[in-house]
1. Scan the stretch 778-813 for residues that are of a type in the set (Lys, Arg) and loosely packed, with under 11 Cβ neighbours inside 10 Å and jot them down.
2. So, in the stretch 707-738, exactly how many residues are closer than 27 Å to ILE591 by Cβ and touching a helix residue (DSSP H, G or I) at 6+ places or on another chain (Cβ under 7 Å)?
3. Tell me, which residue of the stretch 479-516 that is more than 28 Å from GLN171 (Cβ to Cβ) and of a type in the set (S, T, N, Q) is farthest from the chain's Cα centre (by Cα)?
4. Looking at THR219, THR165, THR247, which one is modelled with pLDDT under 95 and closer than 21 Å to ASP417 by Cα?
5. Looking only at residues in the stretch 296-324 that are surrounded by fewer than 21 Cβ atoms within 10 Å (Cβ to Cβ) and either within 40 Å of the chain's Cα centre (by Cα) or closer than 18 Å to VAL156 by Cβ (or both), which one is modelled with the highest pLDDT?
6. Output the helices (runs of 4 or more DSSP H) that fall wholly within the stretch 468-584 and possess 2 or more residues being in contact (Cβ under 8 Å) with a residue 40 or more places away in the chain and over 23 Å from ARG68 (Cβ atoms), or say none.
7. Is there any pair with a first residue in the stretch 366-392 that is closer than 16 Å to ASP342 by Cβ and a second that is of a type in the set (D, E, K, R) and in a loop (DSSP other than H, G, I, E, B) whose Cβ atoms are under 7 Å apart and which are 6 or more apart or on different chains, and what are they?
8. For the stretch 711-720, does any single residue satisfy the condition of being buried (at least 21 other Cβ atoms within 10 Å of the Cβ), under 40 Å from the mean Cα position of the chain (by Cα), touching a residue at least 24 places away in the same chain (Cβ under 8 Å) and outside any helix (DSSP H, G or I)?
Amino acid sequence: MMHEQYVPAQVEDQAQSLWADRHVFRAVEDPTREKFYCLSMFPYPSGRLHMGHVRNYTIGDVIARYQRMRGKNVLQPMGWDAFGLPAENAALKNGDAPARWTFENIDYMRGQLQRLGLAYDWQRELATCTPEYYRWEQWLFTRLVRKGMAYKKTAVVNWDPVDMTVLANEQVIDGRGWRSGALVERREIPQWFIKITNYADELIDDLNQLDGWPEQVRTMQANWIGRSRGLQVDFALPDGENLTVFTTRPDTLYGVSYLAVAAEHPLTKQAAQTNPNIAAYIERCRHHKVAEAEMATMEKEGVDLGMTVTHPLTGEPIPVWSANFVLMEYGTGAVMAVPAHDQRDFEFAKKYGLAITPVLESAEPHDYSAQAMTAKGKLFDSAEFSGMDFETAFDAIAAHLEAKKQGQVQINYRLRDWGVSRQRYWGCPIPIINCPHCGAVPVPDDQLPVILPTDVTMNGPQSPIKQSREFIETTCPECGCAAERETDTFDTFFESSWYYARYTCPDFAQGMLDDRADYWLPVDQYVGGVEHAVLHLLYARFFHKLMRDEGLIAKDKPEPFTRLLTQGMVNKDGSKMSKSKGNTVDPQPLIEEYGADTVRLFMMFAAPPDQGLEWSDAGVDGAHRFLKRLWRQVYDRKQAGWQPSTLLIEGLDDAGRALRRKLHETIARVTDDVEKRQTFNTVIAANMELFNELNRFEGSDQVANGVITEVLQSMIKMLSPIVPHIAHALWSQVGGTGLVIDAPWPEVDASALVRDEIELVVQVNGKLRGKIQVAAKADKAMQEAAAIANPDVQRYLDGVSIKKIIVVPGRLINIVVG
């Protein structure tokens, strides 16, 4: 018996209980069926879901449910990106252990996700902080060490003195740590690196295969890798050594007025030994901004090192400066400065009174006292290279310097090897034993995993395992002598770089992946925030290739994610929701008040998924009203005597045919919107239009009942990926058999789209003068006659002669008069 009122809590509990009891979302490999692997980026278990999570996971769920209705064998898993600094900070604040805090949050957030009715195979759930998971990334890392793909070296890093850890450049904001807010220092410490640069060409070339990715993301990845053809040029130092720079603009070599080296460069350090001003400058640079976007706008600062190099083309002495805009980790830590043709070099030269020497022709008169002229042009004042364009000059100067053994053409990359060491506790232990005799020795397979102790007390930012002799002291697996474990842990990007693959076989205890990975991979649809467009996606692509080269993934699967949807932010009052701004909306009270379907419907209806969504309380109310009207439509029709009936096409009247036409136009439009454009807001809008048409339909005989049945069943199926609970409840009420999630997606009946009459616009000399209805089968002469006979058009034909009539089939008729 159908209740009169729509009661979301009751409807949703019943649906979710049935789904759980029947394990309807369990994914089982079946080589006879086409698979579809749908994945949303997994969350950090921070304690509560926010609306960004709800949007992300609803988008993925809509896609997964739709593909299931298209007959695909769907895998949609969920897990937890569970290592990381927030757990330590929470432990310090609350006097708790990071592991207990993390698993309590996982339990709570799992319940929230289940309350949303997301179609996950919970049997594949994983948490990256469990030894069963991180054992296998440790295993892979030992392979990389033995191959020489992973190595340890002393490197200049961003050091957060409060959080006591290394930060990536992107984690330094206005010179401060992104979490602690402390002034970041530049330090040299030993770090583990993985040679992602060995894969730079493959990572950039394979972007061409990713036509299912947004162009913006592919461009961001290409720019991050930053492949460029340039020239390595040697400037001779007085002692006979060379100072080598890389430039993509050898056409500007005759405009070089100084060379700039990093604060950490050996020449800067050497000069500082006898010059306290340079030593003070180096100390200041330890706290400078390091993100490239910030370096471009920060105040330029530098010091003259009191030395010169010899220009390889002119033989002239060129002063060497140290400048805060040069980073040691990029290139050689030295750049040639051309103030006339590079704005950064120009600003530095203006500040310190250095020469600005133009060597390229400008298309328009240019004021070199105001700014640099950065466009390419023909060379002048460049000896025998004058008059050449960029390409010609590049090749000629390269050949000249190569002949003198003072330069060579080189392909360079902006990408640097991935530093994976972190000095924090709550992370995967790096599986290395440091032996005084044998050096850094990978932990043998039979001693993996190296388990992170979880029964610890956080009494400060210092990692507990760095103080634990029980953890540190061990024996060398090669010589048997006393040795120490590595106490650094992996960057948490390490865990998130391969979780998508482990979902295919999370219960496999004998290896990293098994044959099930070959069935499910690659991921057919990946959904996540555009903020992960560079690092996470780049590292995941890199890991995929590492696993392939280890024989874990088939060689014909070069990329992990076939299609990518990057959803926009959820905003409130014009700005992104965040705890710091105090403008977050907790989904839990909304689900309790309105139901999960209302929240899902609003999140999908408010904006296209790739655009920002503005939060609106009124929008939530509107979504709820629509679901109540949908429920009431079915209830009222049943109360009025309507019963689900078989469709009888032959007996349809004009109103019935019009409603069927609207239905099948909607099916065609909605299918295209889901499949190709992934614009779920228009899916909802189209069904709302169809709903309104159904509301106006008043037939009550058996023929009319058949049309109503077809419309209601099709509409519920089209809406079910978005609002699965109410669709589940209404499906049996409208005559559906089985579960709606197992029902096939509605198909377009082409015959229903055929119109008996069509409307044509009539123009006179290109201006709209009337509209006419003609038989769909009317020939050109009949259409012309109907247009001329229309009273609205007649007024513009009196006293004029018709020169010609232009008919655009199915759209308009233009009568040309003179």
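1. LYS803, LYS804, ARG811
2. 21
3. The residue in question is GLN510.
4. Only one candidate passes the filter, namely THR165.
5. GLU301
6. Counting at least 2 such residues, we get 493-496, 535-549.
7. ALA372/ASP342; THR374/ASP342; GLY377/GLU361; PHE390/LYS376
8. Checked against the condition, which is being buried (at least 21 other Cβ atoms within 10 Å of the Cβ), under 40 Å from the mean Cα position of the chain (by Cα), touching a residue at least 24 places away in the same chain (Cβ under 8 Å) and outside any helix (DSSP H, G or I), the stretch 711-720 yields at least one hit.
The values are calculated or read from the model by the stated rules, or taken from the named source; none is laboratory data. All values reported here derive from a predicted model rather than from experimental measurement. Cβ sites come from the backbone with ideal geometry, for glycine too, and all protein chains shown count toward neighbours.
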